[in-house]
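Participant: Sharing a structure below in structure tokens format, with a few things to ask.
The values are calculated or read from the model by the stated rules, or taken from the named source; none is laboratory data. Predicted model, so just to flag it, every value in this text is computed and none were measured. Every residue, glycine as well, gets a Cβ built from its backbone with ideal geometry; the counts of neighbours run over all protein chains shown. Accessible surface areas use protein heavy atoms only, side chains included; no ligands, DNA or RNA. Shrake-Rupley method; radii C 1.70, N 1.55, O 1.52, S 1.80 Å.
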Amino acid sequence: MPTDTKRVRGPDVSQSPFLFWSRPAEVLPSHEPRADGRQRDQVDVRPVFVRCGLVSQAKGSAYIEAGNTKVLCCVYGPRETERKDETDMKCGRLTTDMRFAPFSCPERGSWIQGSQDKDFSLMLQESLQPAVCLHRYPRSQIEVNVMVLENSGSILAHAVTCASMALADAGIEMYDLVLGCSLRQDGGSYVVDPTYPEENSWRSGSGEKRGGLTVAFLPSLNQVSGLQSDGEMAEETLTAGIRTCIEGCYKLYPVIQQALIKAVRRAAPPPAES
């Protein structure tokens, strides 16, 4: 009997798709201590490890690790822009591309950029653009590429911080660094720098007011460059959450400064012998 060459034949041995069915996120208790030992209702961020200049092929690069969240960012440019118009003649263009590695999340993804990646890329660009002196780079384009190696919560906030460090490492003129911090409101309680289970637990919770908040902040200028919120939060809760995230950014600021100082010292030429 002739075979059908147009039909993709399945494997001889198969398994039920229910074995790979993603289970709903567990609802975490809102009044018990957090799983990693941090306190609720306090500005308690995860310890971070940061390093600059890891990718030699890029103009600037940075790596940040907060808990199990791992992000790598590379900056290329300034280079001649591909598309020229009146805007490019007066100031440069900042492009961002944020992607998740297929193994970065509990649910395996694809290398092809999806809608979530595009949304994160747009929010990353909106957070970084106010801090970059684009008028110093007319007819030029600066490319920021972010790769999420592991997503363990607060990924947008750490991506903003990592991209800001990479821009500074590349020598791009900026008004100030951009630091990110996230918060999750769970009824009358909140957690700062939430983990992946904490971010996804509110979607299957009760009818209490629950929501998430991410703030991009310029610490030296004391200005907010980006704000992203989802869920349901009252106006007073949102205002208090922004102040809490700003306080979390100030806690992170000295660590980022020290990492950039170490990168400059490593790149500086050795002193001449007299």
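Participant: For segment 144-189, enumerate the residues that are among the hydrophobic types (A, V, I, L, M, F, W, C) and over 16 Å from L94 (Cα atoms).
Facilitator: Within segment 144-189, the subset among the hydrophobic types (A, V, I, L, M, F, W, C) is 144, 146-149, 155-157, 159-160, 162-163, 165-168, 170, 172, 174, 177-179, 181, 183.
Across segment 144-189, the qualifying residues are M147, V148, L149, I155, L156, A157, L179, C181, L183.
Participant: Now, a different point. State the number of residues belonging to segment 166-191 that are aliphatic (A, V, I, L, M) and more than 27 Å from D44 (Cβ to Cβ).
Facilitator: Count: 4.
Participant: So, one more: Among the residues of segment 190-201, are any of a type outside the set (D, E), over 19 Å from S152 (Cα atoms) and either without any contact (Cβ under 8 Å) to a residue 40 or more places away in the chain or open to solvent by 30 Å² or more (accessible area, probe 1.4 Å) (or both)?
Facilitator: Checking segment 190-201: not a single residue is of a type outside the set (D, E), over 19 Å from S152 (Cα atoms) and either without any contact (Cβ under 8 Å) to a residue 40 or more places away in the chain or open to solvent by 30 Å² or more (accessible area, probe 1.4 Å) (or both).
Participant: Residues of segment 220-253 being part of a strand (DSSP E or B) and touching a helix residue (DSSP H, G or I) at 6+ places or on another chain (Cβ under 9 Å), which ones?
Facilitator: Just the residues of segment 220-253 that are part of a strand (DSSP E or B), to begin with: 223-231.
Residues satisfying the conditions are Q223, V224, S225, G226, L227, Q228, S229, G231.
Participant: Looking at S110, S121, S104, which one is small (G, A, S) and modelled with pLDDT of 90 or more?
Facilitator: So the residue among S110, S121, S104 that is small (G, A, S) and modelled with pLDDT of 90 or more is S121.
Participant: On the given criteria, is K59 at pLDDT 75 or above, open to solvent by 100 Å² or more (accessible area, probe 1.4 Å) and either in contact with a Lys or Arg (Cβ under 8 Å, 6 or more places away or on another chain) or not small (G, A, S) (or both)?
Facilitator: Yes; evaluated as a whole, the condition is true for this residue.
Participant: Something else about it: Restrict the check to segment 154-167 and report whether at least one residue is open to solvent by less than 10 Å² (accessible area, probe 1.4 Å), over 30 Å from Q39 (Cβ atoms) and among the aliphatic types (A, V, I, L, M).
Facilitator: yes
Participant: Any idea which residue in segment 230-261 is least open to solvent (accessible area, probe 1.4 Å), counting only those that are among the aliphatic types (A, V, I, L, M) and under 14 Å from D44 (Cα atoms)?
Facilitator: Ranking the qualifying residues of segment 230-261, first place goes to L252.
Participant: Which condition number in (1) modelled with pLDDT under 90; (2) open to solvent by 20 Å² or more (accessible area, probe 1.4 Å) is the one that T81 fails?
Facilitator: (2)
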